[in-house]
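The values are calculated or read from the model by the stated rules, or taken from the named source; none is laboratory data. All values reported here derive from a predicted model rather than from experimental measurement. Don't worry about glycine lacking a Cβ; one is built from the backbone with ideal geometry, like all the others, and counts go over all protein chains shown. What goes into the accessible areas is simple: the full protein's heavy atoms, side chains included, and nothing from ligands, DNA or RNA. Shrake-Rupley method; radii C 1.70, N 1.55, O 1.52, S 1.80 Å.
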Amino acid sequence: MLAQSRLGKTALRPLVQSRNLFFLPTLASAATGFFLRDSIRLANSLEDNVNQRKSSNDVILEESEIKPYFSRPAKKYPNHIPLYPYEKVAMFVTSAIGAFLHPEKNQYIVALGESTAIPPFLKRLRKQMLDDETGRQILKDRPNITSTSLDLDKLAALPENTFGRTYYEWLKREGCSPDTRVPVRFIDDEELAFVFQRYRQCHDFYHALAGLPISREGEIAVKFFEFLTLGIPFAGMGAVFAPLNIRKSQRDRLLTIYYPWAISSAANCKKHLINVYWENIMEKDVNELRDELGITLPPDMRELRRIAREKRRALQANPSPTP
């Protein structure tokens with residue numbers, strides 16, 4: 001009897017085990033359906049000829065609701081780098097400090113100029129262009145000033161009294177090129193970005209017209225003139241703060257000679273400079289152009305600096321006797 005009982009239990013054991021594991025196929029099917037639901041859904045849709053032209057990755061991405069934590073706004077023109085407000089504030093602070101401590105580094109000047117070119121100022125500048133026939137033509141043509149568009153070889157062949165030849169000789173003397181102007185990147189509106197780019201590219205024309213060199217002293221004088229005539233915000237900042245970081249002799253020249261010149265020329269300026277189509281007047285007599293614009297030629301800054309250096313050397317060579 002005991003043997004029969006054991007035999008019966010042994011025979012029943014597989015049956016009991018199979019009953020205990022009857023749910024495994026169902027569980028496996030449910031798990032497979034859960035983890036492969038996207039693939040199954042895709043297969044069904046492909047079978048119905050709904051997504052025959054889409055890859056499986058495209059369909060899964062379209063159905064996914066996961067969004068990136070950070071996304072940069074879309075560009076509005078090729079060179080555009082859209083920034084959030086806090087990024088613009090950070091750029092202003094860092095570029096302002098950098099421009100004051102290292103004015104020779106162009107990246108700080110460029111960033112400070114764009115971070116302070118606020119929409120109200122740019123819209124006012126654009127309105128002044130729209131109110132002028134030449135300004136409207138410039139907005140329509142969207143000229144880009146480069147060494148190719150100006151044809152520097154042609155400017156070099158112009159008579160010496162022309163504005164184009166004056167500009168070419170200034171470029172040669174200062175060792176610079178119109179191609180060095182950095183394109184605008186951080187202004188959001190495309191047309192306002194062009195307005196500021198136009199101002200930036202015309203900056204050297206003011207230098208050449210006034211005969212002022214590319215030096216701290218010369219740049220500050222031109223910036224003050226730009227602020228008075230165009231209202232450029234960062235040019236006004238440069239006129240106020242930049243003189244604090246130069247020699248006393250340079251600051252004295254600015255305050256006694258070149259700031260008065262900028263004030264006088266700006267007060268007598270007969271045409272808004274943003275509306276001057278400089279590319280079309282290269283063959284004009286430079287003195288006639290100055291008269292038409294109401295801009296006078298200031299004292300030669302390079303010559304004044306040379307005289308000041310010679311005086312310093314003379315004093316060092318022959319110091320006055322102490323009593």
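Along Cα→Cβ, 7 Å out, is where each label goes; now give me the distance between the ones at Ala157 and Ser71 in nm to one decimal.
Modelled inter-label distance: 5.5 nm.
Rg to Rh ratio, the stretch 279-323, alpha-carbon atoms and Kirkwood radius?
Taking Rh as the inverse mean 1/r over Cα pairs, Rg/Rh reads 1.40.
Where does the stretch 126-234 land on the Kirkwood hydrodynamic radius, alpha-carbon pairs, in angstrom?
Roughly 15.1 Å, rounded to one decimal.
Considering only protein heavy atoms, what is the solvent-accessible area of His272 at a probe of 1.4 Å, reported in Å² to the nearest 10?
Using a 1.4 Å probe on the heavy atoms, I get roughly 50 Å².
Taking 0.36 nm per residue of separation and subtracting the Cα-Cα distance, what length does fully extending Lys248 through Ser215 add?
Full extension of this stretch gives 10.4 nm more.
Pairs Lys140/Lys270; Lys248/Lys271; Lys127/Lys172: which exceed 32 Å Cα-Cα?
Lys248/Lys271; Lys127/Lys172
Binning every alpha carbon pair distance of the stretch 118-312 at 5 Å from zero, what are the percents per bin?
1, 7, 15, 19, 21, 18, 11, 5, 2, 1, 0
At 7 Å along Cα-to-Cβ for each site, give me the label-to-label distance between Glu303 and Ser147 in nm.
So the two model labels end up 3.0 nm from each other.
Set the Förster radius R0 to 35 Å, insert the Cβ-Cβ distance between Lys311 and Val89 as r into 1/(1 + (r/R0)^6), and round the FRET efficiency to 0.05.
0.15
Under 8 Å for C-alpha pairs, at least 6 residues apart: give me the relative contact order for the stretch 83-202, rounded to a whole percent.
The normalised contact order for the stretch 83-202 reaches 24 percent.
Evaluate the charge dipole of the stretch 115-256 about its Cα centre and quote only its size in Debye, nearest 20, assuming +1 on the Cβ of each Lys and Arg and -1 on the Cβ of each Asp and Glu.
420 debye
Would you mind calculating the gained length between Glu279 and His102 on full extension (0.36 nm times residue separation, minus the Cα-Cα distance), in nm to one decimal?
Gain on stretching Glu279 to His102: 60.5 nm.
Please work out the average accessible area per residue across the stretch 118-312, using the 1.4 Å probe convention, and give it in Å².
Using a 1.4 Å probe on heavy atoms only, each residue of the stretch 118-312 averages 47 Å².
Taking 7 Å along the Cα-to-C-beta vector as the label spot, tell me the Arg173-Thr134 distance in nanometres, rounded to one decimal.
Label-label distance for Arg173 and Thr134, simple model: 2.3 nm.
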